[in-house]
Each structure stands twice: as C-alpha cells, then as structure tokens.
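These notes are about the structure you will find just below.
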Amino acid sequence: MKKVIKFLLRYIPRPILIRFSHLGTKVLPFFLHGDKVECPICDHHFSNFLPYGVHPRPNALCPKCLSLERHRLMWLYLNRKTDFFKREYRLLHVAPEQVFYKLFRNQKNLNYLTIDLESPLADIKMNLEEMTFDKEEFDVIFCNHVLEHVNNDAKALSEIYRVLRKGGFAILQSCIDYNREKTYEDPAITDPKDREREFWQKDHLRLYGMDYGSRLKSAGFEVEESHFIDEFTPEEIDRYKLTSEEIIFIGRKL
Ligand SMILES: [Zn+2]
C-alpha cells in the first residue's frame, strides 16, 4: 500500500487524483475494519488509517473521507473553538481540500466559494496573487498549504487581507519546519529534485520557519498562533492520529 500511495502522489497529477479518489473511498474502508483509530470528521473508525506522503508515513489518511492529521485537527478546532458552523459566513476557500469541500458546501450557514488555478473543485479559476474580488468580500478565508507553492507569498497574503472584511478571520496553515528559525527561500533552486531535498516537496518554493507568524503580520493580520493540540490527551492524539506539534495560524483583520 505504501508503494501505491508513493507512486500515485509522485506521478499522477493532483487534479486527476481528486477526480478519481472517490472510487477508493468506496472500497478501502472494507479492508480496514476495526476500532483502533477514529476520524472525527466522518465519524468512522478503523483498524488503522492509510499511509500517506511522498515518503509515506503510517496512519495518516482516512479511507472514508480522505482526511489527514492536519484536517482532523482543523475540524476539531473549528467545532470546539469557533462559531464557524453556527454563524452566517461568506467563505472563500483557496485550493479547497477535498475532505472539506462537500461538508462546507452543504453547510447552510456558509455562503461558499472556491478558487484555484487548476483544481476541478474550484468554482472560479483564479490566481491568489491577483484576485479579482472587491475588497472586504469575505468573512472567513481558508488558505491551507498554498503559500509555500506560490511565487510571491507576500503578494498573496496582501490579497487575502484585502478581500477579508474587518472583523473576519483567515486560517493560514502552511508546511513549516518547526526546528528552523527563519524561512528558507532561494529562487535559484528550481529543479524539482533540489526543491524536494531543500523544501521537502518538489512543488514547494520555500520552507517556512518559525518566523511564519511574523510574515503573516507583515501583511496586516493580527496573528494568533494556537497550540490547540495541547488540549488533547496522548490517548486522544493517538486515537485521532493527530500531529502532536502542529500550530494553527489564524490571521484576523481588525
Ligand atoms: Zn474520515
């Protein structure tokens, strides 16, 4: 299974994976019958989750809803710490994660719009660095694991800030090396193999460090770095298979 996942992630374009992954979610749960791990998003339990990643890590991907560790933590955060599922919100979802797409779309309180350059889940094909929305159009913006892929992340962040209304918030997760003080960026590194070695993935343009929050601040956001994960017991972290060190970054426009 590890080899299959590695092959799919490395050689099959993401839009194609998105189109056909629902076939896997119909079949795979039957092979993972059990009650050792639990997905709080789809409320199903299994013997284990599937491995996932270019260098596959075990127990990561929910076979039913395709959630990863970070999605499960985010779901719990939204439910327990925000009024995201209760208030009327106009939501912009940049590069929509498949696991959230249907759930958000079906939420009656959310007026939901998605953008991406190539995803089949995008309502509008749009470049994050040059959005055509008016200022302050959205109450909430989701932009997760996108900024490490864009050419000019400062420009993208200033755009997110521009289209967010005053009092609104943005969830801005990225791939971060928590052991690195400063973000590592070198435009001369363009070869996919070099990028994978230096920035952890062949399509990453930089590797963020612990200065990530201050980069968000530079765009104008009031930044909250939530250590929500600390509220879980080791048993809960193990049952939901969460990542024990993940910080949730929330940018607010005051
Ligand atoms: Zn699930």
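Modelled spin labels at residue 125 and residue 44, positioned 7 Å past Cα toward Cβ, are 3.2 nm from each other.
Does the chain come out rounded, prolate or oblate by the C-alpha gyration tensor, with a ≥ b ≥ c the root eigenvalues, rounded set by a/c under 1.5 and, if not, prolate when a/b is larger than b/c and oblate if not? Cα axes put the chain in the rounded bin.
Note on the chain: with a GNM built from Cα contacts shorter than 10 Å, the maximum mean-square fluctuation among 143, 42, 65 falls on 42. Only protein heavy atoms count here; on that basis, with a 1.4 Å probe, residue 52 has an accessible area of about 40 Å². Partnerless cysteines in the chain, where a partner means another cysteine C-beta under 4.7 angstrom, comprise 143, 175.
Tally Lys/Arg at +1 and Asp/Glu at -1 over every other residue whose Cβ is under 11 Å from the Cβ of residue 240; what's the total? Present the calculation step by step, with values, prior to reporting the outcome.
Values: positive: 72, 239, 241; negative: 38, 69, 235, 236, 238.
With Lys, Arg at +1 and Asp, Glu at -1, the neighbours total -2.
Among complete DSSP H helices in the chain, none has alpha-carbon atoms stretching at least 27 Å along the helix's long axis together with a mean Kyte-Doolittle hydropathy reaching 1.0. Label sites at residue 87 and residue 200, each approximated as a point 7 angstrom past Cα along Cα to Cβ, lie 3.1 nm apart. FRET efficiency for the pair residue 36 and residue 132, taken as 1/(1 + (r/R0)^6) with r the Cβ-Cβ distance and R0 = 45 Å, rounds to 0.45.
Rounded if a/c is under 1.5, else prolate if a/b beats b/c, else oblate: with a ≥ b ≥ c from the C-alpha gyration tensor eigenvalues square-rooted, which is the range 124-254? Because a/c hits 1.5 or more and a/b fails to exceed b/c, the range 124-254 counts as oblate.
The values are calculated or read from the model by the stated rules, or taken from the named source; none is laboratory data. From a predicted model like this one, the values you see are computed outputs, not experimental measurements. Note: ideal-geometry Cβ built from the backbone for every residue, glycine included; neighbour counts use all protein chains shown. We work out accessible area using only protein heavy atoms, side chains counted, and drop any ligands, DNA or RNA first. Shrake-Rupley method; radii C 1.70, N 1.55, O 1.52, S 1.80 Å.
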